[in-house]
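Everything below concerns the one structure shown next.
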Amino acid sequence: MNPISSLVFVLLLTVFPTQILCQTALIEEACGYTIYKVLCLETLVPDSEAHSAKDLKTLAKVSLKHTEYEANFVDSNIEGLEESSGPGPVRHALVFCTKKYVTVIAKIQAAETSFAQGNITATKAQLTDATINRQLCDKGFEGKRYKSPISDWTTKLSQMQNNAESIIAHI
Ligand SMILES: *[C@@H]1O[C@H](CO)[C@@H](O)[C@H](O)[C@H]1NC(C)=O
């Protein structure tokens, strides 16, 4: 290689990948604070807002947004199961969960609003309220002969919220 193309080569290797790696570096830093790192990366890496984020605050906001999406997804699945399950204790527990998830979703939305206003104390308190109501739903299935048909979804939701809380704790 002549000196000019060597220089171009070095520039391409350094400048351009550095720009790409810097974006990912922020996501990696944020997810490094979380317990469920793989889930955190799966959530943030494909998100365009997260990808162009310049600070942890934006990544926390995106994490909260996906936590809300997941809560809505869990709620829809609960309602679907209610319709397909016959009368009995499982349906009874699912109906109870639907009532609790009205509050779960409202509290996550309230937390997003508080976070946008820079009110971290209120954000944390509202997320705690969301957790309390999510756990009330889970408790409806504890100590029963039947297994919760929604445990995989509620576990994923709890992990996504925990990740958002871990990122919020570092801003
Ligand atoms: C944060 O939000 C709470 C609850 O909505 C409110 O009582 C409090 O005054 C807010 N704090 C600030 C600094 O805005």
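The values are calculated or read from the model by the stated rules, or taken from the named source; none is laboratory data. No experiment lies behind these values; they were computed from the predicted model shown. With ideal geometry, Cβ positions are generated from the backbone for all residues, glycine too; neighbour counts draw on all protein chains shown. The accessibility values were calculated without ligands, DNA or RNA, using every heavy atom of the protein model including side chains. Shrake-Rupley method; radii C 1.70, N 1.55, O 1.52, S 1.80 Å.
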Accessible area (Å², 1.4 Å probe, nearest 10) - S48: 90
Per-residue HN-Hα couplings for region 85-96 [Karplus 6.51, -1.76, 1.60; θ = phi - 60°; Hz; x = Gly/Pro]: 8, x, x, x, x, 5, 4, 4, 5, 5, 5, 4
Top of H51, H66, H92 by mean-square fluctuation, Gaussian network on the chain, Cα under 10 Å: H92
Choice from A122, A130, A50 with maximal GNM fluctuation in the chain (Cα, 10 Å cutoff): A122
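Within region 28-96, which chymotrypsin sites (Phe, Trp or Tyr not before Pro) sit in a loop by DSSP and count at most 13 neighbouring Cβ atoms inside 10 Å?
none
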Cα-Cα over 19 Å, subset of K99/K124; K65/K107; K107/K156; K99/K139: K99/K124
Sparse-neighbourhood loop sites, trypsin sites (Lys or Arg not before Pro) in region 16-99 - DSSP loop, at most 11 other Cβ within 10 angstrom: K54
Per-selection metrics, the chain (Cα): Rg and Dmax in Å: 20.8, 79
GluC sites (Glu not before Pro) restricted to region 112-171 and DSSP loop, no more than 15 other C-beta within 10 Å: E142
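With an 8 Å cut-off on Cα pairs and a minimum separation of 6 or more residues, tell me the relative contact order of the chain in percent. Walk me through the intermediate numbers first.
Details: 174 pairs, mean separation 49.0, N = 171.
Relative contact order of the chain: 29 percent.
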Solvent-accessible area per residue for the chain (1.4 angstrom probe, square angstrom): 56
Using alpha-carbon coordinates, inclination of helix 120-139 to the longest axis of the chain, degrees: 50
Fluctuation leader among D152, D47, D129 - the chain, Gaussian network, Cα springs under 10 angstrom: D152
